[in-house]
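*Asks:* Below: one structure in structure tokens.
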Amino acid sequence: MRTNLALLNILSNIPKTVLSVAGIGVAIVLIFMQLGFRGAVEDTATNIYGKLDFDLLIRSPDYLHFIDSGTIEQRLLDEIAGFDGVQDVKALRVAVVNWRTERGEMQGILLLGVDPDRSPFRDQAIDRQFNRLNSVNALLIDQKSHREFGPLNRRKFDSDDVGRSFEVADRPMTIAGLFSMGAGLAANGAAIVSEKSFERLVPQQTVQQVSFGLVQLPDGADVEAISKAIRGRFQRSSTDQTVGVLTREEVIRLELERWIGETPIGFIFTLGVLIALLVGAAIVYMVLGNDVAYRLNEYATLRAMGYSNLYLSAVVLKQSAYLALFSFVPALMLSLGLYWVTSLLANIAMEMNLLRVGSVFVLTVVMCGLSGALALKKLWQAAPADLF
Amino acid sequence: MKTPVPLAWKNLTHDRRRLAVAVGGIAFAVLLMFQQRGFNHALFDSTVEIVRELDCDLIMVNPARFALTNEIRFPGSWLEVAGSQSGVDSAEPLFMENLAARLRQDGKRARPIRVLGFNLDRPVLLDSRREILSQINELREPNTALIDRLSKSSYGFELAANAEFPQLGELNGNRIRLIGTFQSGRDFAHEGNLLMSAENFATYFRYRGPDPLSLVDLGLVKVGAGASTEQVLRSLRATLANNVAVMTRQQFIDKEIAFWARNTPIGVIFLIGTLMGFVVGVIICYQILANDIAEHLGEFATLKAMGYGNKFFFALVIRQAVYLGLLGFIPGLFFSWLLFEFNAGMTGLLMQMSIPRVVTILLATLSMCVVSGLLALRKLLAADPASLF
């Protein structure tokens, strides 16, 4: 028989199929949303490191996360700059200070202190703003700062805000330029100042104390070997380090462990995905189970006609595959729409990527297949004799 | 027109297996909604739990302190000013450290912990379990503290109910003896809590200045018997002017939650999750009701032909929907409760299931089922008696 029975079964009652597809689709959207939230957290947590220019990161062994980084001595960086194969070491100073809006409300802002002549950023659009930092009262404001920081248009800082003054760490500071970065999970806004104004705004951190050292290596350098050499130099004992020396991959991995593994965030969204999968499986089972029950006569007839169990199973499984396929496409579209809406409403970056699309598709097929297999149980009971 | 038999109930229950699947489906949607609301509440509740536990009527705080985690303090001398106001019974300091406090157990990494310091003679926590009071004399010893038993296990301390104390550790490089536990909880910003005397607090946080206790984090005001909280609040505000902000505990909690709600996407994320749970519920419930109607279409058409009107069918389907909602809600509530316990154990967050929250989800469940009932009803109303025969 060349008839595509599975497809015809599905198409025989379009409204019913639409409903089933909607049910499975909602479960898929649920999975996409939970993964999207989790992904947004991951992206936000590591975003700032993506903007910094380094092959090796030098930081305090007390480092917890970007805004609670501990400090290291500038002279360590000077020493590392003298290592074989090290091209350059730049310092970055980081602190959270109070930002007072015009309405008098306080916000914590991430303050980055940089040497304008030696930019720690990868993004040259940021570097180009540095010539505006020649006054100690000048700062660059991150356009991705939360609207609670008080932009004129109440949405985000733009060129209209340049020239406005805000009280930062109890000192008047003027917005001299804009950049785009995103402050991460621990702060809602960021600003760049010169090292000189950083010292004035954060007097408790002395000139000799920096938060990070960004090591640049020449192209083709052996990152592992150099990091090992630096580590060896500063190792006091087998367990005790005076500084942390990390490659880019290590930095990202540790940051994700910290935010996803050690806060409730990872748990919440992983559990969300699991529950969404269960919901999806339950819906598919209901849909297919009902369908099998509804067509039991037809299946029994087919069996009586000599079609094997194998054939009938293939029909049901194929049906579940079609359902997976039909549900996936609209669900993906809807999820993209919801990502967009959520990004807008929640001020977080929800971005779809191919890996996620692929893995959710696989999950959908598996989920539908398993529920299809469960629904088959009913089919085995279709005894031709009972029918007549 | 009424039938002598409870038709809605019989329709639902005549096929027990299908009923079980239906109830399971609804319970799932209920679970999903509870879960999302639960996390949403937990993230907010947990950050203010410590405030709820404070034994006071009014709270004094530096006006610039926009959130508890923003460690801006005010001079303790204002407490004396407040304490001398008429109607004020006492104004006690609470000292807090988070960013500058590192707790370490031998061989483990030092981790940040929130440290609370208070005057042992004027306990500032409600201490409903009488745990702090019963250990207060031991807290008078130098280098002692109580540890929150909900603190993260990664600190390395044994915190189970049968754990033995004292346990030794290092706070900011100095020896500390944990002599017992109390209970508070973790949140996004804090992985655990220590509680100690103000004197001990001063020895661990010398960086706070020559007199580490001269700046306080919160001032806890108790209003004297017979005085009006409202009046004391007003007179304190007038006296302290812009130097120190004063608010009731509830105002403080509301402000703290408002800060987190405004500055984090928590609210939106879990609202979307809850709505999706609702949609899942509508779809599941609709499937069940629509199937049921399709199956009994012949019987319904017969009833129609016998003269039963639309109103009767309307009431029938809605009743069926409500029964389904109630039947699904009960196991949903039970499994959500289990899941809440599991979540609380895994995250240390406060997963609370209060009556208003349960009622909210119950109402959502019922409206979910009624919406699907109304959708399914269209099929039934279209059933033409004539086409039957």
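The values are calculated or read from the model by the stated rules, or taken from the named source; none is laboratory data. Just so you know, these numbers come straight off a predicted model, no measurement behind them. For neighbour counting, all protein chains shown are included, and Cβ atoms are generated from backbone atoms with ideal geometry for every residue, glycine included.
*Asks:* Check residue A:258 against each of (1) more than 32 Å from the chain's Cα centre (by Cα); (2) charged (D, E, K, R); (3) within 14 Å of chain B (Cβ to nearest Cβ) and name the one condition it does not meet.
*Replies:* Of the numbered conditions (1) more than 32 Å from the chain's Cα centre (by Cα); (2) charged (D, E, K, R); (3) within 14 Å of chain B (Cβ to nearest Cβ), the odd one out for residue A:258 is (1).
*Asks:* Which of (1) in contact with a strand residue (DSSP E or B) (Cβ under 6 Å, 6 or more places away or on another chain); (2) assigned to a helix (DSSP H, G or I) is the odd one out, the single condition residue B:359 does not satisfy?
*Replies:* (1)
*Asks:* In addition: Can you name the number of the only condition in (1) among the basic types (Lys, Arg); (2) over 29 Å from residue B:241 (Cα atoms); (3) in contact (Cβ under 8 Å) with a residue 40 or more places away in the chain; (4) out of contact with any strand residue (DSSP E or B) (no Cβ under 7 Å at 6 or more places or on another chain) that residue B:111 fails?
*Replies:* (4)
*Asks:* Another one. Residue A:297: polar (S, T, N, Q), farther than 30 Å from residue B:112 by Cβ and within 10 Å of chain B (Cβ to nearest Cβ), yes or no?
*Replies:* no
Table: residues versus (1) aliphatic (A, V, I, L, M); (2) under 27 Å from the mean Cα position of the chain (by Cα); (3) within 14 Å of chain A (Cβ to nearest Cβ).
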{"position": "B:187", "(1), (2), (3)": "no, yes, yes"}
{"position": "B:218", "(1), (2), (3)": "yes, yes, no"}
{"position": "B:228", "(1), (2), (3)": "no, no, no"}
{"position": "B:234", "(1), (2), (3)": "no, no, no"}
{"position": "B:240", "(1), (2), (3)": "yes, no, no"}
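*Asks:* Has region A:233-240 got at least one residue that is over 19 Å from the mean Cα position of the chain (by Cα), assigned to a helix (DSSP H, G or I) and more than 14 Å from chain B (Cβ to nearest Cβ)?
*Replies:* Looking for residues that are over 19 Å from the mean Cα position of the chain (by Cα), assigned to a helix (DSSP H, G or I) and more than 14 Å from chain B (Cβ to nearest Cβ), one finds at least one in region A:233-240, hence yes.
*Asks:* Can you go through A:12, A:20 and tell me which one is at the interface with chain B (Cβ under 10 Å from one of its Cβ atoms), more than 25 Å from the chain's Cα centre (by Cα) and either buried (at least 21 other Cβ atoms within 10 Å of the Cβ) or at pLDDT below 85 (or both)?
*Replies:* That would be A:20, the only listed residue that is at the interface with chain B (Cβ under 10 Å from one of its Cβ atoms), more than 25 Å from the chain's Cα centre (by Cα) and either buried (at least 21 other Cβ atoms within 10 Å of the Cβ) or at pLDDT below 85 (or both).
*Asks:* Collect the residues in region B:87-119 that are in contact with a helix residue (DSSP H, G or I) (Cβ under 9 Å, 6 or more places away or on another chain), within 14 Å of chain A (Cβ to nearest Cβ) and not in a loop (DSSP other than H, G, I, E, B), keeping them in residue-number order.
*Replies:* If the condition is that a residue be in contact with a helix residue (DSSP H, G or I) (Cβ under 9 Å, 6 or more places away or on another chain), within 14 Å of chain A (Cβ to nearest Cβ) and not in a loop (DSSP other than H, G, I, E, B), then B:97, B:103, B:104, B:111, B:114 are the ones that fit.
*Asks:* Among what's in region B:44-86 and is under 18 Å from the mean Cα position of the chain (by Cα) and among the hydroxyl-bearing types (Ser, Thr, Tyr), pick the residue that is farthest from the other protein chains (Cβ to nearest Cβ).
*Replies:* Among those that are under 18 Å from the mean Cα position of the chain (by Cα) and among the hydroxyl-bearing types (Ser, Thr, Tyr), it is B:47.
*Asks:* Just one of A:128, A:164, A:155, A:103 is surrounded by fewer than 15 Cβ atoms within 10 Å (Cβ to Cβ), of a type outside the set (Val, Ile, Thr) and either in contact (Cβ under 8 Å) with a residue 12 or more places away in the chain or touching a strand residue (DSSP E or B) at 6+ places or on another chain (Cβ under 8 Å) (or both); which is it?
*Replies:* The match here is A:103.
*Asks:* Another question, then. For residue B:307, all conditions in the list (1) touching a residue at least 40 places away in the same chain (Cβ under 8 Å); (2) assigned to a helix (DSSP H, G or I) hold save one; what is the number of the exception?
*Replies:* (2)
*Asks:* Can you pull out every residue in region B:270-282 that is within 7 Å of chain A (Cβ to nearest Cβ) and without any contact (Cβ under 8 Å) to a residue 24 or more places away in the chain?
*Replies:* B:272, B:279
*Asks:* Could you please find all residues in region B:245-260 being crowded, with 18+ Cβ neighbours inside 10 Å and assigned to a strand (DSSP E or B)?
*Replies:* B:245, B:246
*Asks:* Which of the numbered conditions does residue A:218 fail, given that it passes all the others? Conditions: (1) more than 34 Å from the chain's Cα centre (by Cα); (2) not in a helix (DSSP H, G or I).
*Replies:* Among (1) more than 34 Å from the chain's Cα centre (by Cα); (2) not in a helix (DSSP H, G or I), the lone unmet condition for residue A:218 is (1).
*Asks:* Only one residue in A:273, A:245, A:284 is away from chain B (no Cβ under 11 Å), among the hydrophobic types (A, V, I, L, M, F, W, C) and outside any helix (DSSP H, G or I), so which one is that?
*Replies:* Selected residue: A:245, the only one of A:273, A:245, A:284 that is away from chain B (no Cβ under 11 Å), among the hydrophobic types (A, V, I, L, M, F, W, C) and outside any helix (DSSP H, G or I).
*Asks:* Okay, moving on. Tell me, yes or no, whether region A:302-325 has at least one residue that is buried (at least 21 other Cβ atoms within 10 Å of the Cβ), within 14 Å of another protein chain (Cβ to nearest Cβ) and either touching a helix residue (DSSP H, G or I) at 6+ places or on another chain (Cβ under 7 Å) or within 14 Å of residue A:364 (Cβ to Cβ) (or both).
*Replies:* yes
*Asks:* A further question follows. Within the group B:329, B:312, which residue is at pLDDT below 90 and away from chain A (no Cβ under 14 Å)?
*Replies:* Result: B:312 is the single residue among B:329, B:312 that is at pLDDT below 90 and away from chain A (no Cβ under 14 Å).
*Asks:* Anything in region B:300-316 that is under 17 Å from residue B:289 (Cβ atoms) and among the aromatic types (Phe, Trp, Tyr)? List them, or say none.
*Replies:* If the condition is that a residue be under 17 Å from residue B:289 (Cβ atoms) and among the aromatic types (Phe, Trp, Tyr), then B:300, B:312, B:313, B:314 are the ones that fit.
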